[in-house]
Amino acid sequence: MPVLVLPFKGMCFFIMKSIIVSVCILLCSVVSVSAQWCNIHLPASPLSECDYCECSQGLTALEAGGSGIRYEVRSLLLGSKYEGSNSIPNPDNLHESYLTNQFTFFYRFTETPLTAVVNVPYVVRTASDFPEDGGTKIVSPSANGFGDLSLMLRASDQTSWDDALVVLSATAGVKLPTGRTDRQFAGEYMDIDLQPGSGSTDWLAGVGAIWSRERWTVGINALAGFTGTGARGHRYGNYANADVGARFRLLPDEAASTALFLTFAFGGEIRAKETQDGTTIDDSGGSIFFVAPGLRIHFNDALSFDARAEIPVRQYLNGEQFGQSYRLAGGVQWML
């Protein structure tokens, strides 16, 4: 990963923070989310880098039925300590934050049911931590850079059923170890969760369905990840995530290129335990379930914006781990 020039880095941070503020205003609240934590001094959390690559793509190429480009920004904070499903004190207020900018490119091959999807994330990951000498000063190691590239191919089929539009899809892909894993702090490698990349090649498989009629659209999506061994012998657990979501056209009454939608989804993820050099990490893996309210605006047939929040309703973490605090996300999509 090439070294960024400081003025450019500062400008990027300003732009990213501005976008986050805009999303917060639209959502009018700060709500809970999922992310992982595996700091060298702290237990792990159940979710993996899939949160930054495959999930939460908003209006997908499957639904749009064409080619386009999407830019999305996600802000996450991890700072709630859990033992199983019970919240326990975090007296030192240790936490870890994630800011992810992701570009998604999707291309529908002419006269075929196939769509190619490429995800390119740029991540900024920061943790609060205590120094090695046991002092009380809190430091904040941080790493930023391009994350792991994901390549996917989606096959879809469109039909009608009782005056409703129905689209079915199947997706397969791979996450490549393109992000750097050699970031250091105080002369030592930073934890793998703070590195821009995981160092592993992961295989992806998913299915989806959309039903749409009049002012309502209902979608079901599921994705599974089969992980490989990454940097310095660390391996994330295999995972599966799924969601069921609905969208209601609030304005106008009749279908139009300009419209306002309210969205709502229920979803979750289950993750197996991680391993280090072949040894199972007991404080890793688990499950989380959440609800996700949001909105979507179509400015015309090509341009749309969406924003959402995920509120956990239950999480169960193996052993003692750090769980969710909040996640906000928003994106802009342009159909070609």
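Worth a mention:
- Taken over the range 111-126, the criterion of being surrounded by 16 or more Cβ atoms within 10 Å (Cβ to Cβ) and closer than 16 Å to Leu204 by Cα is satisfied by Thr115, Ala116, Val117, Asn119, Val120.
- Residue list for the range 229-270, restricted to those being more than 16 Å from Val218 (Cβ to Cβ) and aromatic (Phe, Trp, Tyr): Tyr236, Tyr239
- Within the range 282-335, the residues that satisfy the criterion of being outside any strand (DSSP E or B) and either over 21 Å from Leu260 (Cα atoms) or without any contact (Cβ under 8 Å) to a residue 24 or more places away in the chain (or both) are Asp282, Asp283, Ser284, Gly285.
Let's see how each residue does on (1) open to solvent by less than 50 Å² (accessible area, probe 1.4 Å); (2) within 19 Å of the chain's Cα centre (by Cα); (3) modelled with pLDDT of 95 or more:
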{"site": "Ser169", "(1), (2), (3)": "yes, no, no"}
{"site": "Pro177", "(1), (2), (3)": "no, yes, yes"}
{"site": "Phe185", "(1), (2), (3)": "no, no, no"}
{"site": "Tyr189", "(1), (2), (3)": "no, no, no"}
{"site": "Ile192", "(1), (2), (3)": "yes, yes, no"}
{"site": "Gln195", "(1), (2), (3)": "yes, yes, no"}
{"site": "Val207", "(1), (2), (3)": "no, yes, no"}
{"site": "Ile210", "(1), (2), (3)": "yes, no, no"}
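- Arg247 over 20 Å from Tyr71 (Cα atoms), open to solvent by less than 40 Å² (accessible area, probe 1.4 Å) and under 17 Å from the mean Cα position of the chain (by Cα): no
- The residue of the range 297-336 that is nearest to Thr104 (Cα to Cα), among those that are touching an Asp or Glu at 6+ places or on another chain (Cβ under 6 Å) and buried (at least 22 other Cβ atoms within 10 Å of the Cβ), is Gly331.
- Filtered residues of the range 259-281 (kept if open to solvent by 80 Å² or more (accessible area, probe 1.4 Å) and either among the polar types (S, T, N, Q) or under 22 Å from the mean Cα position of the chain (by Cα) (or both)): Leu262, Phe264, Phe266, Ile270, Lys273, Thr279
- Within the range 65-83, residues that are touching a residue at least 24 places away in the same chain (Cβ under 8 Å) and closer than 30 Å to Thr112 by Cβ sit with their Cβ atoms under 9 Å from residues that are among the charged types (D, E, K, R) and assigned to a strand (DSSP E or B), at 6+ positions apart or across chains, in these pairs: Gly65/Arg108; Gly66/Arg108; Ser67/Arg108; Gly68/Arg108; Glu72/Asp306.
- Sole exception among (1) assigned to a strand (DSSP E or B); (2) at pLDDT 90 or above; (3) of a type in the set (Asp, Glu) for Asp148, by number: (1)
- Count of the range 282-296 residues which are surrounded by 16 or more Cβ atoms within 10 Å (Cβ to Cβ) and over 26 Å from Val73 (Cα atoms): 2
- Residues that are of a type outside the set (A, V, I, L, M, F, W, C) and within 22 Å of Ala222 (Cβ to Cβ), drawn from the range 183-206: Ser198, Ser200, Thr201, Asp202, Gly206
- Of all the criteria given as (1) in contact with a helix residue (DSSP H, G or I) (Cβ under 8 Å, 6 or more places away or on another chain); (2) of a type in the set (Phe, Trp, Tyr); (3) farther than 21 Å from Arg327 by Cα, the one not satisfied by Tyr239 is (3).
- Subset of the range 65-101 (residues that are part of a loop (DSSP other than H, G, I, E, B) and closer than 17 Å to Pro196 by Cα): none
The values are calculated or read from the model by the stated rules, or taken from the named source; none is laboratory data. Bear in mind the structure is a predicted one, so any value in this text is a computation, not a measurement. For neighbour counting, all protein chains shown are included, and Cβ atoms are generated from backbone atoms with ideal geometry for every residue, glycine included. Heads up: the accessible areas ignore ligands, DNA and RNA and are worked out on the full protein's heavy atoms, side chains in. Shrake-Rupley method; radii C 1.70, N 1.55, O 1.52, S 1.80 Å.
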